[in-house]
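Heads up: the structure comes next, in structure tokens.
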Amino acid sequence: MDYLERRVERVNERLEEVVDGVEPDDLADELGHVALAGGKRVRPAVTTLSCEACGGTAE
């Protein structure tokens, strides 16, 4: 399970980076509520896992 948890954590970190880079701050706050809400990490995590399963890298 550590493998999956690491991938989900990587997705979380990237989402936070993107939200932090949004301006103006009011828009970033609203985007954070949507993008960082539960359930928004499944598709990116599955995409990352699929890429790695085919020989790619998570980056």
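With respect to Ala28, is the statement that it is touching a residue at least 12 places away in the same chain (Cβ under 8 Å) and under 16 Å from the mean Cα position of the chain (by Cα) true? For Ala28, the condition - touching a residue at least 12 places away in the same chain (Cβ under 8 Å) and under 16 Å from the mean Cα position of the chain (by Cα) - is not met.
Per-residue answers, yes or no, for (1) at pLDDT below 90; (2) surrounded by 10 or more Cβ atoms within 10 Å (Cβ to Cβ):
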residue: Arg7; (1), (2): yes, yes
residue: Gly21; (1), (2): no, no
residue: Glu30; (1), (2): no, yes
residue: Ala37; (1), (2): yes, no
residue: Pro44; (1), (2): yes, yes
residue: Ser50; (1), (2): no, yes
residue: Ala53; (1), (2): no, no
residue: Gly56; (1), (2): no, yes
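For segment 18-43, residues that are assigned to a helix (DSSP H, G or I), under 19 Å from Val8 (Cβ atoms) and of a type in the set (A, V, I, L, M, F, W, C) total 5.
The values are calculated or read from the model by the stated rules, or taken from the named source; none is laboratory data. Just so it is clear, the model here is predicted, and its values are computed rather than measured. Please note: Cβ atoms are built from the backbone with ideal geometry, for glycine as well, and neighbour counts cover all protein chains shown.
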